[in-house]
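Colleague: Dumping the structure here so I can ask a few things about it.
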Amino acid sequence: MNIISWNVNSIGARLPIVTAWLDQHQPDVLCLQETKSPDEKFPWAEFQVLGYQAIHLGQKSYNGVGILSRHPMTEIHRGLPFDQTSGQCRLISALIQGIRVINVYVPNGGTVGSEKFSYKLGWLADLAHWLQTHHDPRQPLLICGDFNIAPEAKDVFDV
């Protein structure tokens, strides 16, 4: 199965690019992050025309995650308990052909020690707890998305 992950940084702004790419490459599954779209404005019909069913968890202007699949999706899960209190839309998952696909948009942590960094660590701890309590480690699992984890700036230029 061909599974692709893409931070689109606004599905509204990138829809023509995404649909043209899907039409050309036709992956089995496309996981989207940073859709920046509430569910009611997500372009469901455009993806259906291309042969994809879609699930989405979104909010206006920020965050948002979706999964597009050519195969049936079952056992759909949206969000983490930590997300419920923050109102942020950062995780969606589905069972696709026997594989649990989890798509995440991990918070940007900012500087070590900052409030944003503490929030990110809390979110990752919530993700780890959710995985421990909701996933059987004997079952196939794919976690993909935008983890907002980058090497130090000097490493980027040393490559």
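Conditions tested, residue by residue: (1) free of Cβ contacts under 8 Å to residues at least 24 places away in the same chain; (2) open to solvent by less than 30 Å² (accessible area, probe 1.4 Å); (3) in a loop (DSSP other than H, G, I, E, B).
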residue: 103; (1), (2), (3): no, yes, no
residue: 109; (1), (2), (3): no, yes, yes
residue: 112; (1), (2), (3): yes, no, yes
residue: 116; (1), (2), (3): yes, no, no
residue: 120; (1), (2), (3): no, yes, no
residue: 130; (1), (2), (3): no, yes, no
residue: 137; (1), (2), (3): yes, no, yes
residue: 143; (1), (2), (3): no, no, no
residue: 149; (1), (2), (3): no, no, yes
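Colleague: Right, another one. If I filter the stretch 34-52 for residues that are polar (S, T, N, Q), touching a Phe, Trp or Tyr at 6+ places or on another chain (Cβ under 6 Å) and open to solvent by less than 20 Å² (accessible area, probe 1.4 Å), do I get at least one hit?
Modeller: The answer is no; no qualifying residue exists.
Colleague: Please enumerate the residues belonging to the stretch 53-89 that are closer than 19 Å to residue 123 by Cβ, open to solvent by 20 Å² or more (accessible area, probe 1.4 Å) and of a type outside the set (Gly, Ala, Ser).
Modeller: 57, 59, 62, 77, 78, 81, 82, 84, 85, 88
Colleague: Whether any residue in the stretch 23-33 is surrounded by fewer than 18 Cβ atoms within 10 Å (Cβ to Cβ) and either basic (Lys, Arg) or over 15 Å from residue 1 (Cβ atoms) (or both) is what I want to check.
Modeller: Scanning the stretch 23-33, I find at least one residue that is surrounded by fewer than 18 Cβ atoms within 10 Å (Cβ to Cβ) and either basic (Lys, Arg) or over 15 Å from residue 1 (Cβ atoms) (or both), so the answer is yes.
The values are calculated or read from the model by the stated rules, or taken from the named source; none is laboratory data. Please read these numbers as outputs of a predicted model, since none were measured by experiment. Virtual Cβ from ideal backbone geometry, glycine too; neighbours counted across all protein chains shown. When the accessible area is computed, the model is the full protein with side chains, heavy atoms only, and any ligands, DNA or RNA have been set aside. Shrake-Rupley method; radii C 1.70, N 1.55, O 1.52, S 1.80 Å.
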